[in-house]
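A.B. asks: Just passing along the structure, written as structure tokens.
The values are calculated or read from the model by the stated rules, or taken from the named source; none is laboratory data. These numbers were taken from a predicted model, which means no experiment stands behind them. Please note: Cβ atoms are built from the backbone with ideal geometry, for glycine as well, and neighbour counts cover all protein chains shown. Heads up: the accessible areas ignore ligands, DNA and RNA and are worked out on the full protein's heavy atoms, side chains in. Shrake-Rupley method; radii C 1.70, N 1.55, O 1.52, S 1.80 Å.
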Amino acid sequence: MSTQSGNGARRVTTGDLREMKRRGDKIAALTAYDYLFARVVDRAGVEVVLVGDSLGQVVLGLDTTVPVTLDDMIHHARAVRRGVERALLVVDLPFLTYHVSREDTLRNAGRVMRETQASAVKLEGGSPEMAAMVSALVGAGIPVMGHLGFTPQSVNVTGVRVQGKGDGGRERILAEARRLEEAGAFAVVLELVPRALAEAVTAELSIPTIGIGAGVGCDGQVLVLHDMLGINTEFRPRFLRRFAEIGDAAAAGVGAFVQAVKQGEYPAAEHTFE
Ligand code: KIV
């Protein structure tokens, strides 16, 4: 099945991602939170644009994703939608919007789909209860991406650490991944897990795995845009490669503006209407 964007371009579908896994083609995914960056990311050729609830930290200045609301997600996803023509647009369901009851989960995910025109939602965890929510969402026509390993919405319980290290942890994550696939998820994000475990999950599932801090053996990779562009200058975890230094460039540009204004050097004649 294919879908079309407003300008007639063919959009990436969940079926395309599965086909990419089958062919061994790597999937590139990045987050976006606003219109202009969404356009940059989409035009660069990523297959998935994720409106992550990491917007809590990188856009709203919060310490964790926990305080992010459904309205925050919808507000940003609507802007991102306008910038994405080709990629599959996935929106995170925030903390406690998919735990309380099946009805509540369907209502909240339904709002995201209707109000943002996203193609899918993402949720965290792989317990039997969560698999039941995934299956209800998929049954209602809402594609779901899973998220296992370190799940940021549970940071107050787990802390930030690599997950699935011991035998028990490894088996738990493998079981959760199988459960999500059986429930109908179309892909699973694996965050902060050892490379060997990510490879085992990737080999076992027929749906794609998208890694972040999970090594090169996943079917694809995702990063938070502000981290990989070096906008968030203080954030330097081991798994992160910075592909640009936009934070430093922005600070230099703003500093140059302040100086030029104070020295009366800006605006110059060419910026002035006589
Ligand atoms: O919120 C987010 O940005 C995410 C990615 C880190 C996968 O969930």
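A.B. asks: Determine the percent antiparallel among the DSSP beta bridges restricted to the chain, to the nearest 5.
C.D. replies: Bridges in the chain that DSSP calls antiparallel: roughly 5 percent.
A.B. asks: In the range 178-274, which chymotrypsin sites (Phe, Trp or Tyr not before Pro) are in a loop and have at most 14 other Cβ atoms within 10 Å, using DSSP for the loop call?
C.D. replies: Working: sites: 186, 235, 239, 243, 257, 273; in loops: 186, 235, 239, 243, 273.
In loop regions of the range 178-274 (DSSP not H, G, I, E or B), the sparsely surrounded chymotrypsin sites (Phe, Trp or Tyr not before Pro) are 243, 273.
A.B. asks: Might you report the magnitude of the Cβ-based charge dipole of the chain about its Cα centre, with Lys and Arg at +1 and Asp and Glu at -1, to the nearest 20 debye?
C.D. replies: The dipole magnitude comes to about 580 debye.
A.B. asks: Also: Please work out how much length the chain gains when fully extended from residue 140 to residue 154, using 0.36 nm per residue of separation minus the C-alpha to C-alpha distance, in nm with one decimal.
C.D. replies: 2.4 nm
A.B. asks: Taking the C-alpha atoms of the chain, how large are the radius of gyration and the largest Cα-Cα span, Dmax, in Å?
C.D. replies: 20.0, 75
A.B. asks: What Kirkwood hydrodynamic radius, in Å, does the range 151-274 give when the mean of 1/r is taken over all pairs of distinct Cα atoms and then inverted? Present the calculation step by step, with values, prior to reporting the outcome.
C.D. replies: Values: mean 1/r = 0.0568 Å⁻¹.
Kirkwood radius, the range 151-274: 17.6 Å.
A.B. asks: Here's a follow-up. What do you get for the angle between helix 70-83 and the principal long axis of the chain? Use alpha-carbon atoms, 0 to 90 degrees, nearest ten.
C.D. replies: The answer is roughly 70 degrees.
A.B. asks: Another question, then. What does the highest-first list of 122-129, 222-229 look like by mean Cβ count within 10 Å?
C.D. replies: Descending packing order for the listed peptides: 222-229, 122-129.
A.B. asks: So, one more: Consider all pairwise Cα distances in the range 78-206 and report the whole-number % of them above 18 Å.
C.D. replies: For the range 78-206, the fraction of Cα-Cα distances above 18 Å is 53 percent.
A.B. asks: Okay, next question. What order do you get for 168-179, 108-119, 244-255 when each peptide is scored by the mean count of other beta carbon atoms within 10 Å, highest first?
C.D. replies: Packing order, densest peptide first, comes out as 108-119, 168-179, 244-255.
A.B. asks: Hey, rough spin-label estimate for residue 254 and residue 239, points 7 angstrom out along Cα→Cβ, what's it come to in nanometres?
C.D. replies: Taking the two extended label points, one gets 2.9 nm.
A.B. asks: Using the Kirkwood radius built from alpha carbon pairs, what does the Stokes-Einstein equation give as D for the range 193-245 at 25 °C and 0.890 mPa s, in µm² per second?
C.D. replies: 207 µm²/s
A.B. asks: Heavy atoms of the protein only, probe of 1.4 Å, neighbouring chains included. What is the accessible area of residue 199 in Å², nearest 10?
C.D. replies: 70 Å²
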